[in-house]
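One structure below.
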Amino acid sequence: QKSDGKFREDFYIEAVNFFDKERKEYREIDNTLEECQGIGGLAYYQNRANDFHVKLSKAKNSDKHMIIEKDGCRITFGFIGDNRIIANSGSAILQSGENQNDAFGRTMAINQELVYEEILPDTDLKFSVKGDRVKDYIVIKSKKEIYEYTYRMKLENLRMQIADGSDSLEFISLINGE
């Protein structure tokens, strides 16, 4: 409510808030990626505040590049490459996206990306965390005869299906059906 008693409502194309079940209140999404330890003591980056937690491995040669957790469910995602385990070692590069501010000067959704340069010859792997989504990109730097890349996914308390009318995957909780 504004000082003159009128209300102002803002609409956004992407999610900017989430309901925090522990605090029982809405909070702003903050996908700032911070360093943390993950499964087995491995080094990861994790988003700061969202309806889900995503961990992105700092190491290129990890078999767990991304872990997404929400409400007792987990997806562990590893990029295998072109039918061989990735041999390239080294660290991922954290790239900050643009901070977006609403009309009141508050930070909205922060887009952050993690890039594994040369994960395969002439190929980068990039993860983007924006709003309430995580997207992976395979960046091909030179033409190849065959484009075939393999991922390994481990699902815990989830089932996977292709979304209606889309080529996207969706994951359904075995705990609550959502």
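The values are calculated or read from the model by the stated rules, or taken from the named source; none is laboratory data. Here the structure is a predicted model, which is why all the values come from computation and not from measurement. Here the Cβ positions follow ideal geometry from the backbone for every residue, glycine too, while neighbour counts run over all protein chains shown. Heads up: the accessible areas ignore ligands, DNA and RNA and are worked out on the full protein's heavy atoms, side chains in. Shrake-Rupley method; radii C 1.70, N 1.55, O 1.52, S 1.80 Å.
Tabulated data
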quantity: Relative contact order, percent, the chain [alpha-carbon distance under 8 Å, six or more residues apart]; calculated: 17 percent
quantity: Residue among Gly165, Gly38, Gly131 with the largest mean-square fluctuation in a Gaussian network model of the chain, springs linking Cα atoms under 10 Å; calculated: Gly165
quantity: Pairwise centroid distance, computed over Cα atoms, of the stretch 115-162 with the stretch 1-60, Å; calculated: 22 Å
quantity: Length added when fully stretched, Ser168-Ser91, from 0.36 nm per residue minus Cα-Cα; calculated: 24.9 nm
quantity: Extension reserve of the Val139-Phe52 stretch, reckoned as 0.36 nm per residue once the Cα distance is removed; calculated: 28.7 nm
quantity: Hypothetical label at Asp63: residues of the stretch 155-175 whose amide nitrogen lies under 20 Å (7 Å Cα-Cβ projection); calculated: 155-157
quantity: Radius, Kirkwood style, for the chain when every pair of distinct Cα atoms is counted (Å); calculated: 18.1 Å
quantity: Whether the stretch 1-93 is rounded, prolate or oblate, judged on the alpha carbon gyration tensor where a/c under 1.5 counts as rounded; calculated: prolate
quantity: Accessible-area ranking of Phe7, Phe18, largest first, probe 1.4 Å; calculated: Phe7, Phe18
quantity: Ranking by accessible area, most exposed first, for Asp124, Asp71 with a 1.4 Å probe; calculated: Asp71, Asp124
quantity: Area of Arg27 that stays accessible when all protein chains are in place (1.4 Å probe, Å², to 10); calculated: 60 Å²
quantity: Accessible area, probe 1.4 Å, largest first, for residues His53, His65; calculated: His53, His65
quantity: Efficiency of FRET from Cβ geometry, Glu9 and Lys154, R₀ 45 Å, rounded to 0.05; calculated: 0.60
quantity: Assigned charges on the beta-carbon of Lys, Arg, Asp, Glu; the chain dipole about Cα centre (debye); calculated: 300 debye
quantity: Prolate/oblate/rounded label for the stretch 138-178 (Cα gyration tensor, a/c 1.5); calculated: prolate
